[in-house]
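See structure below.
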Amino acid sequence: MAQLWGGRFTKETDDLVYKFNASIGFDQKMLDEDTDGSIAHAKMLASVGIITDEECKDITEGLDAIRNDVHAGNLVITDKYEDIHSFMEANLIDRIGDTGKKLHTGRSRNDQVALDMRLYTRKQVLLVKDELKGLLEVILGIMEDNLETYMPGFTHLQKAQPVTLAHHLGAYFEMFKRDVTRLDDIYERMNFCPLGAGALAGTTYPLDREFVARELSFYGPTVNSMDSVSDRDYLIEFLSACSIIMMHLSRFCEEMIIWNSNEYRFIELDDGFSTGSSIMPQKKNPDIAELVRGKTGRVYASLMSILTTMKGIPLAYNKDMQEDKELSFDAFETVKNCIHLFTGMLATTKFNKDVMAKSAVNGFTNATDAADYLVKKGMPFRDAHRVIGEIVLFCIDKGIAIDDMKLNELKGFSEMFESDVYDAISLKTCVEKRLTPGAPGPEVMKKAIETERAFLKGLK
Ligand code: ARG
């Protein structure tokens, strides 16, 4: 055991207590953040004259060397150390001697870990955003190619009205676009530096918190030192955003699983993104989509976990907060992997356009348009709705579509029908004439796509 404390203790820590208390098993992931934070702190200590430039040089070079040795595999992080902070400090003192003991001046592990976690999370926010950008590119590409690929739109998973593939995927584009902008909002709010808060009440040393904030590319220092060491809101916000991303992915996966089913056959997943069965030779299963849908649960779990951990904690730091890491780290990796794999799966999916178009013409997807036809001829909508309802019943009985009815049969339901009805309720008209902003009509979709292209181009 190599601990940073012990002066006031008369006994060794119990073995089980040591293990239970330690976080080195998981917080070693923050090696880079801990190193960067300590280097910035050392430079600041030198800039205000608390340590000399010579000492600062020794400390920063020592820290960098430790980091490099760990990355190169020449130095192994073991559970001899309580956490990554203890590991770094102990190794620094081993290497450079007493100067290393000055690094922690004016600092507590409370503001140190608050900084590390913030730096780590900030990086993840950007990585998740990058993955989302890749996904948005793929979605928009498919939209551009499928302005006139007709398919049924559903409500209650019952055929409702015809749409296009571009329009359907456009809905997902909006969801993931909101996710991107949500990440931007989180970044703006979280990008302040907690270092210098000390254990909870700042310090009597003349620390230059602006300097550290600048060194680490924060907008500035956090305002209140007690809040600084006990705030994990940014993490909760990010895990909420991750949960929403997973919810969006999961809905998309659910649709792809349905579309890929033998009954629908709207799509065919690429062999590279499907799996087989150990017993049924004919099977090609959408396991990736199912796994992404399934992994949504563990990301939600990380959000529930941190919310619950934080809910009863009095100010300021309490050890409960060490529980912020394991599930969050797992969630970060899960979300990045899921977006990445989903993007690959979508990019290689084959859309069976004929099957989709055929599916769009049956199931009375033009019933609303047939009612609208009568309205345009002068019938009040409620009456038109009833007339078409009777026609649908008639067609179900005969096993035909509205388009299959003869004009005199239609006239039997209303004298207002004329020969132009067939064009008015054709699949093409039903889609192309839907020109309200946000509708699937190719003319308005084209404009929507231009807007989204510009959005993607402008993304940092
Ligand atoms: N491992 C601790 C954590 O992750 C570091 C902070 C320890 N601070 C303390 N006062 N014990 O929260």
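Here are the numbers for this structure:
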read-out: Dipole moment magnitude, nearest 20 debye, segment 390-438 about Cα centre, only Lys, Arg, Asp, Glu C-beta charged; value: 180 debye
read-out: Estimated translational D of segment 336-454 in µm²/s (Stokes, Kirkwood radius over Cα pairs; 20 °C; 1.002 mPa s); value: 128 µm²/s
read-out: Positive-end extreme of charge dipole, the chain - chosen from Ile66, Met321, Ala301 (charges on Cβ); value: Ala301
read-out: Translational diffusion of segment 391-438, µm² s⁻¹ [Kirkwood Rh, Cα pairs; Stokes-Einstein; 20 °C; 1.002 mPa s]; value: 179 µm²/s
read-out: Radius of gyration and maximum dimension Dmax of segment 282-348, Cα, Å; value: 16.5, 60
read-out: Solvent-free Debye scattering, log10 I(q)/I(0), computed from the Cα coordinates of segment 157-231 at q = 0.24 Å⁻¹; value: -1.05
read-out: Among the listed pairs Lys358/Lys428; Lys19/Lys101; Lys325/Lys460; Lys159/Lys358; Lys19/Lys336; Lys159/Lys295, those beyond 19 Å (Cα-Cα); value: Lys19/Lys101; Lys325/Lys460; Lys19/Lys336; Lys159/Lys295
read-out: Largest to smallest accessible area among Lys411, Lys358, Lys325, Lys353 [probe 1.4 Å]; value: Lys358, Lys353, Lys411, Lys325
read-out: Rg ratio (alpha-carbon, reference 2.2 N^0.38 Å) - segment 84-186; value: 1.95
read-out: Debye, to nearest 20: dipole size of segment 316-416, +1 on Lys, Arg Cβ, -1 on Asp, Glu Cβ; value: 460 debye
read-out: Farthest positive-ward along the chain dipole, Cα basis, beta-carbon charges - from His85, Ile186, Tyr120; value: Ile186
read-out: Within the accessible area of the chain (1.4 Å probe), percent carbon and sulfur; value: 53 percent
read-out: Solvent-accessible area per residue, Å², over the chain with all protein chains present [probe radius 1.4 Å]; value: 48 Å²
read-out: Solvent exposure, largest accessible area first (probe 1.4 Å, DNA, RNA and ligands not counted), of Lys177, Lys29, Lys311, Lys159; value: Lys311, Lys29, Lys159, Lys177
read-out: Solvent-accessible surface (1.4 angstrom probe) belonging to Val17, in square angstrom, nearest 10; value: 80 Å²
read-out: Cut-off 14 Å between beta-carbons: net charge of the residues surrounding Asp98, Lys and Arg +1, Asp and Glu -1; value: -2
read-out: Per-residue SASA entry for Glu450, accessible area with 1.4 Å probe, Å² rounded to 10; value: 120 Å²
read-out: Extended-chain gain in nm, criterion 0.36 nm per residue less alpha-carbon gap, His156 and Tyr18; value: 44.2 nm
read-out: Pairwise centroid distance, computed over Cα atoms, of segment 223-257 with segment 389-460, Å; value: 40 Å
read-out: Ranked packing of 437-448, 372-383, most packed first, by mean Cβ within 10 Å; value: 437-448, 372-383
read-out: Glu210 accessible area, 1.4 Å probe, all protein chains in place, Å² to nearest 10; value: 100 Å²
read-out: The chain: calculated mean residue ellipticity at 222 nm from DSSP helix runs of at least 4, using -39500 (n - 2.57); value: -20000 deg cm²/dmol
read-out: Area projected by the alpha carbon convex hull of segment 12-72, averaged over all directions, nm²; value: 5.7 nm²
read-out: Fraction of the pair-distance distribution of the chain above 36 Å, Cα-Cα pairs, percent; value: 48 percent
read-out: For segment 131-196 versus segment 314-328, the gap between their alpha-carbon centres in whole angstrom; value: 34 Å
read-out: Square roots of five times the Cα gyration tensor eigenvalues for segment 413-460, Å; value: 37, 8, 6
read-out: Stokes-Einstein D in µm²/s, Kirkwood radius over Cα pairs - segment 64-144 at 4 °C with 1.567 mPa s viscosity; value: 82 µm²/s
read-out: Which of His156, His340, His167 is most accessible, then next, and so on - probe 1.4 Å; value: His156, His340, His167
read-out: Antiparallel %, DSSP beta bridges [both residues in the chain], to 5; value: 75 percent
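The values are calculated or read from the model by the stated rules, or taken from the named source; none is laboratory data. Source: prediction; values computed, not measured. Note that we place each Cβ from the backbone using ideal geometry, even for glycine, and neighbour counts take in every protein chain shown. When the accessible area is computed, the model is the full protein with side chains, heavy atoms only, and any ligands, DNA or RNA have been set aside. Shrake-Rupley method; radii C 1.70, N 1.55, O 1.52, S 1.80 Å.
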